[in-house]
Amino acid sequence: MKAKIRIAHSIKLVNRCHRLKLPIDNGYTIGYTLIMKTAISIDKDLYEEAENYSRAAGLSRSKLYCEAVREYIQNYNADTITEKLNSYYDKHDSRLDDDIKKAGYRLLDGEDW
């Protein structure tokens, strides 16, 4: 629904510019307003690796970076990590063996907390 609203808004903007006789490229304006552009700084080596990978995988640079950011957010979000750990420990026993617990207590016995 948001995309439809943005397109309608873009079309209204283009029509208004035409009425005011302002030079405007319809295709560029409508397409440009539907996405966010940004500039980032990355090391040259990483840039070259990304370029080589995107060419080999048949991905545009934008698609590669979008997928990488999306995957990073999904996999390294603190909530996601907690959910994965909780899911794992729901299925697996996480209790320590008694001998390991005793050894841990002995190591910590002389420590100041």
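Sorted by packing (mean other beta-carbon atoms within 10 Å per residue), highest first, where do 53-63, 37-47 land?
So the order, starting with the most tightly packed, is 53-63, 37-47.
Can you list the HN-Hα couplings for segment 37-53, worked out from phi with the Karplus curve (6.51, -1.76, 1.60; θ = phi - 60°), rounded to whole Hz and with x for Gly and Pro?
Karplus values, whole Hz, x for Gly and Pro: 9, 8, 10, 10, 10, 9, 4, 4, 4, 5, 4, 5, 4, 5, 4, 4, 5.
Packing-wise, with mean Cβ within 10 Å as the measure, how do 91-98, 64-71, 102-109 rank, highest first? Could you put the intermediate results ahead of the total?
Details: 91-98: 7.6, 64-71: 12.6, 102-109: 9.6.
For the peptides 91-98, 64-71, 102-109, the packing ranking is 64-71, 102-109, 91-98.
From the phi of every residue in segment 63-75, what ³J(HN,Hα) in whole Hz does the Karplus formula 6.51 cos²θ - 1.76 cosθ + 1.60 yield, where θ is phi - 60° and glycine or proline is x?
In residue order, the calculated couplings are 4, 4, 5, 4, 5, 5, 5, 4, 5, 4, 4, 5, 8 Hz.
I want to check the label-to-label distance for residue 47 and residue 69. Put each point 7 Å from Cα in the C-beta direction and report it in nm to one decimal.
Rounded to a tenth, the inter-label distance reads 1.8 nm.
Output wanted: per-residue J couplings in Hz (rounded whole) for segment 86-91, from phi through Karplus 6.51 cos²θ - 1.76 cosθ + 1.60, θ = phi - 60°, x for Gly and Pro.
4, 4, 4, 6, 5, 9
By its C-alpha gyration tensor, with a ≥ b ≥ c as the square roots of the eigenvalues, how is segment 58-113 shaped: rounded for a/c under 1.5, else prolate for a/b larger than b/c, else oblate?
Working: a/c = 4.49, a/b = 2.71, b/c = 1.66.
Taking the square roots of the gyration eigenvalues as a ≥ b ≥ c, segment 58-113 is prolate.
A short reminder: the numbers here are calculations on the coordinates, not readings from a lab. Worth saying up front: this structure is predicted, and the values here are computed from it rather than measured. Glycine gets a Cβ as well: all are built from the backbone with ideal geometry, and neighbour counts include every protein chain shown.
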